[in-house]
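Participant: Mind having a look at this structure? Questions to follow.
FYI, it's all coordinate maths here, none of it is from the lab. Keep in mind it's a predicted model, so treat the numbers as computed, not measured. Glycine gets a Cβ as well: all are built from the backbone with ideal geometry, and neighbour counts include every protein chain shown.
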């Protein structure tokens, strides 16, 4: 949430959205209420348009966000058939395929130009109970959107101008949904929530605009800071929870408002039993409570009185329960929380089973029933991973992870006071980035080209147990990850801070890149490379010929050390300490190697000392008293003639040949980083400007004190590295303070995530499910779809005659020739190319046609093929089955397929090419609203419609 | 994400010989038996045939010891002067020895009767040995600078080698060619004589390269191609095939090397010296793989052919016999009782059921026949769940206190214990594991702390834990004498360590000054 807060502080020259301050306020107050799990989702970090039009002196420089990594705290919603699920991330809805874990589509609300979407987050979603192919979402900006997710089209937006938190809908309430919204309280800090019944029918006056107003909004009752809102499965009760109270309203008598029930602890999550009249809540202290308060005599008491109710308590969790869910049969309750343990309660007996160590704290739980009948539990974890757990085996069946940078999602008490370093480096061998991961003790390897997460490297393996008390566990943090120039070695520093009782730990680990396996393998571990003090910097030497590969480290104990590779004859190579040296016991803050590896620059507070790395002799001492404490020094240029030394705000460029200062520059703000071009005489200086969230990146050349280019970006950087993966003269990759991965530099272009655009789902959702006929007769009976066969035909007819050798037979006398029956096949083989059998399903009818004609070559080969089933035959079979088995239900065979949009005709914006079939029992209901454009889509084959109906219905 | 067992940290060790398999083997020679003789033991020699009795020569006597009882079985005291070099023949029936008067006598080992007297040397005879290949020949080397080969039946010298110019104190007949004799002399040369020509065929060392120290001992490999000679503290390896080239010189002893011996397979060389050490070399690398310390300067050394006994004679007249219990598999190596012979079934029919060792079970064929399948058959590997150690199991169940107890037992190595403590710290569970202990449960914690608080491997961690324990249990001090004494011991040890560190600092300072002075002088 801090992220969105700081984002608003900077000045993007865009008009402020009217909903923005409201949203900000609501979010921050929610944080103040301590609902930590909402934070990550509520903090929107996506930035759609890179501000190319920044008012800066260098228009050619740009920045773009490589990826955004967000965790949703809203449970994913499954489609009816369980093949896809919706995950609400930031301002968009991602549709995942449940089997592959790929994002097949992304629904994002198209923004009008100049609309800052930073505060607009999709907070809730529900499937339309009357149309399984429609999704209704609510956003924190106060708009309800109705989507046809199959075609990825936005059908309708209804603006209710109040931040929506939860949404629920039920069949009994046609064309309306119930939302919980918040409005700012009168007395500043307080905030009032209210539950509204919102009709999805647009008001007449606004029906033509994009954002419509609802025709009818009915308030149901007040509720402070709602954290859950749901209907009972039979639609008789509407239940919401907030704070310490559960709010119950009978849907038959909504006007009488909510009845409140008090819980001793703050409630965090809510789930309704699928068949019986009770619901379960989880609370902050880890108790799960079953509420048996849903009977009429209880509810029909005077409104507004807080009551106690009969409850049952189940307690296992040590920390807050973050999600509860019932299985569809109602026999089990699933719960999860920070312990990373999925608890399965057998409700009848109270016994529990556990799925421990799912990898990360559980944020959401949802239950999915695939059409195959197998039940699976989908856990949304705090590290942006979705994990499926088979209900039968209670084992993790598969898990899909995405890039995840922000460690605060898991360790919700981030150590901000400690200025911890963030590892970032670019592995050029594989064109991957090495980034911090959601757990501070591991790194993740991300390929920006394919925008996929390659793997996760656990630098300091640990059992990720949850904290015992309120105090968070102090993990080992990876502070640095430095790659050797060849890309074969990776040096990491991981450290664990000690406390007053216990000393800390720090490790230098050196990893070897296994080119065959494509993974890093731990080669050497050095415990406490600089004693009890922390390691301030690590650098690999360039490792040119004549200068073997060294590793230099600088530590808080005042020493700089070099390490070398020990080549053992019959054992593995490993790294050993080579030398240790210090200079007047000053604490070095930075080490860097000259490009040829012949000099080692050690930056001390008041000077930079150049050492000869082979002898450890001091070659030069560079001091600049007016500069303040030195922080870093970098060699500039291919030959390393220049040394740029960065102080707090000053930048001094030394010429090492002349041994004098070439120029001296005072930066407008504190210098954060300095990155030199690996080949040319230029370098970039990153400094923060003015307020907190603004950085200036200036590109300098050795020749002049004036910056060549400068760019001011509304970001603050944790770490910056040279980015060699794009063809550009100067580009950098950086991790920002709000944990975004951005690329800066000339002509940066960013490959979007696969599936980040909205597209129709069914066209590319690969696994076509087996049809009923295939189940009965087996798949092979139907062969391949005949779609590709047409293109084959011209190719085979155009084939040149190759029967020259066979024609020699005819040179002989006729009586010497073999009989024609023997001759025919071999002769014709020269003329005709045999075809693959399955490409010709229509050959069924023409099977016994006379085969003499050469111009019909395709008919020949299919003689031996297996029996094919074509569409006509299929149609006959469909009819047969309909007439015999489905007689009871059979209405008319669907002659007109209309999309299930109730106001589709009225909405001029809605595309009309939907082929969405609707369940047949719904047709009768909506027959009166026929869409005139149906005639456009007669080409959809009957079979597909059948299939889909089965799968989705 | 499975449970990750506690990662037991390994600590780098200086390459000590303590724990290599080699030194483990040599450490098996335990329980030294010291036998006091009247005078320095000048020679020890094991009989080449079973039961490997050994002849010990001290003062005027040659004594035959039985290896099993390590008691004297025979004493031959037929010399007037100090006897030297009692040597048993390959069949174990005859003993030859020389004495300081120049007399060489051959005895029957059982009756101790003098069979032959070879008397032509006029000065002390330090070497009298049977030839390995021709049992009727005896080599004798004398201080009169000559070496002779005697024919025992006729009591006559067949050959006399006179090339040496000083005492000949060591010698050996080649084990591959009965005509070759290797001798070492105080004229600092090692010579190879050929009895067929009667001449010195090869001179090694001397002014040409071996220095001018006297040669104390020579030893020839059983292959007869390489000889080892000790001159003073230096051991030289001479390649005979290459014409007497010195291929290696080793100086691992501080003082003169007086004894050389091979183990049963001549893969290890044992050297004993006046510096009271016996060193074991690997002959493939000539690196010292093990060192044994003795209470007095060693004069002679022998290892039994079956490598069960090491006998060393020392200058103070002590004979030390170290003994190793051979493994059952080694004793089964006797060809007569080999498994194959037993398996044939003939053995049992000859011996009847009376043979006691037949029921050992070694008869059964060890290799089970494996079912052979299709070559291309894909075998599904059976995955066995890895069993967790008991402390890991307890840790998995969050039973921190019990997990800590499990690693504080005596047989658990300290690396494991401290790795688990580290893991407990990571889980914020150390306090939980340490709280609520009574004196019985606290004792192992304190014992481990007392033992390792000064160990550099665990120092920091042990100090941290000790501080925690002291914080937690100070209020209950004085209630249990056991705990109090352990706390006192801990304190005493820490104080001693601090004193030691202070000494080290002083030494370091002194060294720094010396080095600085040296550097400034050099500069």
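Participant: Sort B:49, B:300 so that the residue with the fewest other Cβ atoms within 10 Å of its own Cβ comes first and the one with the most comes last.
Facilitator: Ascending number of Cβ neighbours within 10 Å: B:49, B:300.
Participant: Just checking the output field for A:459-467: average partner chain Cβ neighbours within 10 Å of each residue's Cβ?
Facilitator: Counting other chains' Cβ atoms within 10 Å and averaging over A:459-467 gives 4.
Participant: What full-extension length gain, to one decimal in nm, is calculated for residue B:502 and residue B:155 as 0.36 nm per residue of separation minus the Cα-Cα distance?
Facilitator: So the extension gain works out to 117.6 nm.
Participant: For the pair residue B:249/residue B:38, report the inter-label distance in nm, with labels modelled 7 Å from Cα in the Cβ direction.
Facilitator: Each label point is offset 7 Å from its Cα along the Cβ direction, giving 4.3 nm.
Participant: Based only on other Cβ atoms within 10 Å, what is the fewest-to-most ordering of A:466, B:131, A:506?
Facilitator: Least crowded to most crowded, the residues run A:466, B:131, A:506.
Participant: Can you give the mean number of other chain Cβ atoms that lie within 10 Å of the Cβ atoms in peptide A:526-538?
Facilitator: Partner-chain Cβ atoms within 10 Å, mean over residues of A:526-538: 1.
Participant: Grab the eigenvalues of the alpha-carbon gyration tensor for the stretch B:390-516, scale each by 5, take roots, and send me the semi-axes largest first in whole angstrom.
Facilitator: Semi-axes from the Cα gyration tensor: 31, 19, 11 Å.
Participant: Give me the number: length gained by fully extending residue A:370 to residue A:102, i.e. 0.36 nm times residue separation minus the C-alpha to C-alpha distance, one decimal in nm.
Facilitator: Here the segment from residue A:370 to residue A:102 would lengthen by 94.8 nm.
Participant: According to a simple spin-label model (label point 7 Å from Cα along Cα-to-Cβ), what is the distance in nm between residue B:201 and residue A:313?
Facilitator: Placing both labels 7 Å along Cα→Cβ, they lie 10.1 nm apart.
Participant: Which peptide among A:731-738, B:35-42 comes first, and what is the full order, when sorted by highest mean count of other Cβ atoms within 10 Å?
Facilitator: A:731-738, B:35-42
Participant: Right, another one. Could you give the angle, 0 to 90 degrees to the nearest 10, between helix B:439-452's Cα long axis and the longest principal axis of the Cα atoms of chain B?
Facilitator: Long axis of B:439-452 versus the principal axis of chain B: about 50 degrees.
Participant: I've got another one for you. Give the Rg (one decimal place) followed by the Dmax (whole number) of the stretch A:139-181, computed from C-alpha coordinates and expressed in Å.
Facilitator: Rg, Dmax (Cα atoms, Å): 11.0, 29.
Participant: Right, next: What percentages, rounded to whole numbers, describe P(r) for the stretch B:131-197 computed over all alpha carbon pairs with 10 Å bin width beginning at zero?
Facilitator: 24, 56, 19, 0
Participant: Calculate, in nm to one decimal, what residue B:114 and residue B:463 gain on full extension: separation in residues at 0.36 nm each, minus their alpha carbon distance.
Facilitator: My answer for the length gained is 118.3 nm.
Participant: Distances over 38 Å make up what percent of all Cα-Cα pairs in chain B?
Facilitator: 51
Participant: For residue A:564 and residue B:488, what does the FRET efficiency come to when R0 = 56 Å and r is the distance between their Cβ atoms, rounded to the nearest 0.05?
Facilitator: Result of the calculation: an efficiency of 0.75.
Participant: Now for a different question. Neighbour counts of other C-beta atoms within 10 Å: give me B:465, B:138 arranged from fewest to most.
Facilitator: So the residues, fewest neighbours to most, are B:465, B:138.
Participant: How well do other chains shield peptide B:392-399, expressed as the mean number of their Cβ atoms within 10 Å of each residue Cβ?
Facilitator: Counting Cβ atoms of other protein chains within 10 Å of each residue's Cβ and averaging gives 1.
Participant: Helix B:459-473: angle to the longest alpha-carbon principal axis of chain B, degrees 0 to 90, nearest 10?
Facilitator: Taking the Cα atoms of chain B, the angle to B:459-473 is about 40 degrees.
Participant: Compute log10 of I(q)/I(0) for the stretch A:416-561 with the Debye formula, placing one identical point scatterer on every Cα and leaving out solvent, at q = 0.19, 0.21, 0.22 Å⁻¹, to two decimals.
Facilitator: Log10 I(q)/I(0), no solvent term: -1.21, -1.40, -1.49.
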